[in-house]
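Heads up: the structure comes next, in structure tokens.
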Amino acid sequence: MTQRLTIENITAHYGTTKVLEDLSLDIAEGELVSLLGASGCGKTTTLRLVAGFLAPTSGAITLGGKDLTRLPAHKRDIGLVFQNYALFPHLSVADNVGFGLKQRGIARDTRAKRVGAMLERVGLSHLADRLPGALSGGQKQRVALARALVIEPPLLMFDEPLSNLDAKLRIDMRVEIRQLQRANGTTSVYVTHDQEEAFSISDRVAIMHQGRIMQLDTPEVLYQRPANAFVARFVGFENLIPMTVVARDGETATVEAEGGVRLSLSSGHFGAIPDRFILASRADGLAVSDETNDGIPATLGLRTYLGRAYQYQCETPAGHLLANGPLGRPLDPGATAKLVPVPEQCTILAPEA
Amino acid sequence: MTRSVHPALIGLAVLVFIFLVGPLVIVVGAALSDTSFLTFPPQGLSLRWFENIFEIAAFRRTIVTSLQIAFLSTGIALVIGIPAAYAMNRYRIALPGWLSTLFVLPVLVPELVLGFSLLKSVAVQFTVPIYISLVIGHTLLVLPYVVRVISASLANFDFSVEEAAISLGSPPLKTFFTILLPNVRSGVIAAFILAFITSINDVSISIFMTGPGISTLPIQLLAHTEQFFDPTVASVSVLLMVLTVAVMAIVERTLGLTFLAK
């Protein structure tokens, strides 16, 4: 029923423009993997290649051991959910849902039974005879979901399915999608540009940029341990400080940032510290303190209240940084302080080329 | 709540209405006149000028010819025009911009020039039979309307609907008939009616393409009025209107019903 999807070394072009470069992706049975990235990163192209609406220049796509690469789209047996719902405007809700079963030559009464059961699952039984034009956005997307699920496909693919819905409904629907996907155990590919959406429902997320996967991992790892500067910025690491080791003394390394700022870091937390690296963190990875001498000297700018801490815009010799300070000690703009890295909230990345 | 309407606006609306309906009233009135000359208001009421049409063999023949030519050329134009409009909308980005201009080009050329060049090339150069050159000429005449009207109704069509059908197992050609066509039905009906009317009323192309033994109704009418100034011209006009309305009704009915039955 549910099957493993393997994408091997896919390269794709639009005309002469290369849109995917040597992309490989392996999705386990029953797993939901999101393709996350800005528009033009290749995520939708990847989905359309798997669906069969585009042909790759090279590479192979297999689903449950069956080679899909040259198979026409209508023979691939993949359930698709589109951003704009793509319901058949001239068919009733029930006929929309039953369309795939009809193509499979399933008898009318069996079809009606399965459509009825599916509509019940998505809570739309009372709308079976309506035309899509008479439905709300959320109802339309439920019909689209039911239409894709009822054929019991070995693979489900979602192309920004929630982008046209309002914020509240978006959160309800993503829970619903995840529950249905879990219950059926269907292998799924989910394309989105919304990081929160991707992280909240996926087993693993592939962060894409310029036709490549920058990192593929669980949401937890992506959020806490980005593998490179691109992913770090993407998941909200505001502070990326290039550093060079100038001296080592056992566990402790003295490192220097731009502007001659020197810090000592203990390799205990970071493991090995390479000679050149980027120290990356969110605002809570740099603590503002006016009671220490070790740290990055900073002139504080605007202070904002976050509830759990104050956040400061800081000007330092190493550039503009964001840092958090304790609630008990608000500091005024113009004050000078030190920014002290909090090792648990920092990560070390390879320098950018 | 009532909305006050400026008297000038009412006056203007009445004028436009008279301008639109007036000629029809005059033609119908003249056709019903009992006199042997064209006059309005009608003097005496009679249907004899309608009988007269069917008494003249040339009129009987040309009514049939005109209907045949109109159906054939409209049919051919739809068969060429629907896929053309589809391709130009579906692959808008991939296709060169001048392609859609190409299909409306015949409208830009004066019809007399089109008719004359068709006569020189199709009828004379390749000695194509009169009947076939008439069909070719009329197809060329109505094709731009078909492509334009179908394109307009496809402009709002969401082609991802087609992809949804394909992903659910419907082959592309079947999808065209079961998904795309029903959704541009009103466009197809509009194109049919517009093309049919254009063909059945055409003079400027037909006048070059008709020849010995084969003529269309408007050309026969033209020939008739050169000799007689009787109300036949009015009764034929009314007949043309009735025929057109009848075809419109039938097309609306049948096309509407077959698509709904799917």
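The values are calculated or read from the model by the stated rules, or taken from the named source; none is laboratory data. Model, not experiment: these values are computed from the prediction. Cβ atoms come from the backbone with ideal geometry, glycine included; neighbour counts cover every protein chain shown.
Here is how the numbers come out for the structure above:
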read-out: Positions within the stretch B:150-164 being of a type in the set (A, V, I, L, M, F, W, C), more than 23 Å from residue B:75 (Cβ to Cβ), more than 7 Å from chain A (Cβ to nearest Cβ) and assigned to a helix (DSSP H, G or I), in sequence order; value: B:155
read-out: Meets criteria (aromatic (Phe, Trp, Tyr) and in a helix (DSSP H, G or I)) for residue B:192; value: yes
read-out: Pick from the stretch A:66-115, criterion outside any helix (DSSP H, G or I), among the small types (Gly, Ala, Ser) and touching a residue at least 24 places away in the same chain (Cβ under 8 Å), ranking: farthest from the other protein chains (Cβ to nearest Cβ); value: A:92
read-out: Residue check for residue A:254: modelled with pLDDT of 95 or more, surrounded by fewer than 17 Cβ atoms within 10 Å (Cβ to Cβ) and farther than 30 Å from residue A:14 by Cα; value: no
read-out: Index of the failed condition, residue A:218 passing every other in (1) of a type in the set (S, T, N, Q); (2) surrounded by fewer than 16 Cβ atoms within 10 Å (Cβ to Cβ); (3) more than 30 Å from residue A:40 (Cα to Cα); value: (3)
read-out: Within the stretch B:1-39, tally of residues that are assigned to a helix (DSSP H, G or I), more than 24 Å from the chain's Cα centre (by Cα) and under 14 Å from residue B:233 (Cα atoms); value: 2
read-out: Where a residue in the stretch B:167-182 is more than 7 Å from every other protein chain (Cβ to nearest Cβ) and under 17 Å from residue B:85 (Cα atoms) and its partner, wherever it lies, is part of a helix (DSSP H, G or I) and of a type in the set (D, E, K, R), with Cβ under 6 Å and at least six apart; value: B:175/B:162
read-out: Residue within the stretch A:145-154 that is assigned to a loop (DSSP other than H, G, I, E, B), within 13 Å of chain B (Cβ to nearest Cβ), buried (at least 21 other Cβ atoms within 10 Å of the Cβ) and in contact (Cβ under 8 Å) with a residue 60 or more places away in the chain present; value: yes
read-out: Any hit, the stretch B:124-136, residues being more than 14 Å from chain A (Cβ to nearest Cβ), within 27 Å of residue B:185 (Cβ to Cβ), surrounded by 13 or more Cβ atoms within 10 Å (Cβ to Cβ) and modelled with pLDDT of 90 or more; value: yes
read-out: Filtered residue count, the stretch A:92-119, keeping only those that are of a type in the set (A, V, I, L, M) and surrounded by 19 or more Cβ atoms within 10 Å (Cβ to Cβ); value: 7
read-out: Residues satisfying the stated conditions in the stretch A:281-298, i.e. within 31 Å of the chain's Cα centre (by Cα), within 13 Å of residue A:265 (Cβ to Cβ) and not in a strand (DSSP E or B); value: A:285
read-out: Flag if residue A:334 is on the phi > 0 side of the Ramachandran plot, without any contact (Cβ under 8 Å) to a residue 40 or more places away in the chain and out of contact with any His (no Cβ under 8 Å at 6 or more places or on another chain); value: yes
read-out: Any hit, the stretch B:94-101, residues being in a helix (DSSP H, G or I), surrounded by fewer than 19 Cβ atoms within 10 Å (Cβ to Cβ) and touching a Phe, Trp or Tyr at 6+ places or on another chain (Cβ under 9 Å); value: no
read-out: Conditions (1) touching a helix residue (DSSP H, G or I) at 6+ places or on another chain (Cβ under 9 Å); (2) within 13 Å of another protein chain (Cβ to nearest Cβ); number of the one not met by residue A:135; value: (2)
read-out: Hey, residue B:147 outside any helix (DSSP H, G or I), more than 10 Å from chain A (Cβ to nearest Cβ) and either out of contact with any Leu (no Cβ under 6 Å at 6 or more places or on another chain) or more than 17 Å from residue B:92 (Cα to Cα) (or both) or not; value: no
